[in-house]
Amino acid sequence: MTSRRLRAPLVLPADPACSVLRDAVVDIDSNGRISYCGPAAGAPAPDGALVTDLPGMLLPGLVNTHAHSPMVLLRGMGGELPLLRWLREIIWPAEARLRPEDIRTGMLLASVEMLRHGVTTSAEMYFHGEQVADAVLAAGARAVIGSPIIDLPGMDWRAMTDATDRWIDADGLRFGPGERIELSYGPHSAYMLPPEALENVAEQAAARRALVQIHVAEAADEDERQRAEYGSVPRLLDKVGLLDGRLIAAHAVHLSDEDITLLAARGAAVAHCPGSNAKLASGIARLSDLRAASVPVGLGTDGPASNDDLDLWEEVQLSAMLSRLSTGDSTALGARQALLLATREGARALGRDDIGALETGRWADVVHIDLDDPAFATGQDVPDEQLLSNLVWAAGSRRVRDVWVAGEQVVGGGESTRVDRGAAQASVATAAARIRA
């Protein structure tokens, strides 16, 4: 790949201060990593790099820390039911009719949808992980994939765990161009697995230094037996050893003060999914308390059948709105902090220091925002705080025009450069019709 320089009037590197750089460049080396990000005046000579001048703003690709994206096939099904009825009566029976090729079909369109919103990385928990990986690579996106481990009739948690073991042992934790795929373990939840299974996952993941993705305390009534026996799900996870390794707890709505302290002490992370939690009336996670305890927190869409979209910009807004509403404090989460949850902090929650920010050495996952929009009609020379506020509160995803992953352009002019979106949508429609039949 040829090295390139992207130059724009505004660059948001997603450093800890969420700085705004003016007249700045992002240099990308021939391996797809960032070699420089900073003011154009201090940039090194291009040295033959392809230089692209862009209007508007550059920022890092957003990181979706919890999703079941192939569920675009099931979007809208049972949408008025509460979580556990929705799963048991609608989703699990429909998923039993899915073919492996259906999952690739769903993930391909989901990847296109996310990339068009500027979401370059997603943490996926879904069946037939090889199909998920193949679709992600075809679209040019990036994913952390955890094939589900679950204990239901006809499903053997031991065989599911063994399959993940073999996949990691064969292909390694990361593979694909630009290390686009990372493998992880996906035990569904404490209420869907016996403690023996959770302990086994903890041992296998620790041996491979792999991330574990797991649903934790999403609905108030989902884990009554576990809470009665162990005090809480985090305590159970600690007892079986899962909190000793890399772990991201999805949802984490119904946590006590002691649970939050335990997660912080063990270095576990949380994927905050405000949109799904609100739609399913699961509750509002204690985001302010989690952040105050220094628990790493990223944002997640959850699945497109429980959200029902894959637009992480909506989660940025909802995370701030619901944090302010639940605390009665209009300063609880500002635009800067909310944007970082979707970028730098999301990467941190996944245990990744190679994505989520425009910094030297990280992968060049870059999003171009066109500011020709009423949201930015007050101009680009406004104070940084106002500019960030306009981006987060007024613009969102609709101004995403171009996206690069590992230095490769995968969205141009708002459309995928790799995938025929119309054909992908038609394939989803065909598969969805068969599943409903």
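The values are calculated or read from the model by the stated rules, or taken from the named source; none is laboratory data. Computed from a predicted model, the values in this text were never measured in an experiment. Ideal geometry is used to build each Cβ from the backbone, glycine not excepted, and the neighbour counts take in all protein chains shown. The protein model used for the area step is the full one, side chains on, heavy atoms only, and it has no ligands, DNA or RNA in it. Shrake-Rupley method; radii C 1.70, N 1.55, O 1.52, S 1.80 Å.
Overview of values
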item: Computed magnitude of the charge dipole of the chain (debye, nearest 20; Cβ of K, R +1, Cβ of D, E -1); result: 380 debye
item: Protein-only accessible surface order, largest first, of F376, F175 at 1.4 Å; result: F175, F376
item: Projected label distance in nm at R225 and D23, using a 7 Å step from Cα toward the beta-carbon; result: 6.6 nm
item: Carbon plus sulfur fraction of accessible area for the chain, probe 1.4 Å, in percent; result: 49 percent
item: Per-residue ³J(HN,Hα) for region 395-403, Karplus 6.51 cos²θ - 1.76 cosθ + 1.60, θ = phi - 60°, Hz, x for Gly and Pro; result: 9, x, 7, 5, 9, 5, 10, 9, 9
item: Isotropically averaged projected area of region 181-320, using the convex hull of Cα atoms (one quarter of hull area), nm²; result: 8.1 nm²
item: Convex hull volume per residue in cubic angstrom - Cα atoms of the chain; result: 134 Å³
item: Interchain or long-range residues, amide H under 5 Å from S122's placed H; result: N64, R142, A143, V144
item: Solvent-accessible surface ranking, highest first, for M77, M321 at 1.4 angstrom; result: M321, M77
item: Pair D381, E415: separation of 7 Å Cα→Cβ label points (nm); result: 3.7 nm
item: Share of alpha-carbon pairs per 10 Å distance bin for region 103-142, given as whole %; result: 36, 60, 5
item: M1-S326 FRET efficiency (beta carbon distance; Förster radius 41 Å; 0.05 resolution); result: 0.35
item: Nearest-10 value in Å² for the accessible area of D372, using the 1.4 Å probe; result: 120 Å²
item: Relative contact order for the chain, counting Cα pairs under 8 Å that sit 6 or more residues apart, in percent; result: 21 percent
item: In order through region 281-290: 3J(HN,Hα) via Karplus (6.51 cos²θ - 1.76 cosθ + 1.60), integer Hz, x for Gly, Pro; result: 6, 6, x, 10, 5, 7, 4, 4, 5, 4
item: Two-decimal ratio, region 320-386, of alpha-carbon radius of gyration to 2.2 N^0.38 Å; result: 1.39
item: Rounded to 10°, Cα long-axis angle of helix 157-171 versus longest principal axis of the chain; result: 30 degrees
item: Inter-centroid distance (Cα atoms) of region 369-384 relative to region 245-300, Å; result: 33 Å
item: Counting DSSP beta bridges with both ends in the chain, the antiparallel % (nearest 5); result: 45 percent
item: Förster radius 35 Å - calculated FRET efficiency between A429 and W167 (Cβ-Cβ, nearest 0.05); result: 0.70
item: Computed log₁₀ I(q)/I(0) - Debye formula, equal Cα scatterers, no solvent, region 344-430, q 0.21, 0.23, 0.26 Å⁻¹; result: -1.10, -1.12, -1.15
item: Heavy-atom accessible area per residue - the chain, 1.4 Å, Å²; result: 36 Å²
item: Region 85-200: antiparallel DSSP beta bridges as a percent of all, rounded to 5; result: 15 percent
item: Chain lengthening between L152 and R85 when straightened (0.36 nm per residue, less Cα-Cα); result: 22.5 nm
item: Cα-based Rg / Dmax (Å) for region 134-223; result: 14.0, 43
item: Coil-residue trypsin sites (Lys or Arg not before Pro) of region 270-337, DSSP, other Cβ within 10 Å capped at 15; result: none
item: Estimated vicinal HN-Hα couplings, Hz - region 47-61 in sequence order (Karplus 6.51, -1.76, 1.60; Gly, Pro = x); result: 6, x, 5, 6, 9, 10, 8, 10, x, x, 9, 10, 8, x, x
item: Angle in degrees between helix 100-116 and the longest Cα principal axis of the chain, rounded to the nearest 10; result: 40 degrees
item: Degrees separating the helix 312-327 axis from the principal Cα axis of the chain, which is the longest one; result: 70 degrees
item: Stretchable slack from F175 to A159, in nm (0.36 nm times residue separation minus alpha-carbon distance); result: 3.5 nm
item: Residues R209 and E130, FRET efficiency given R0 of 22 Å [Cβ-Cβ distance, rounded to 0.05]; result: 0.55
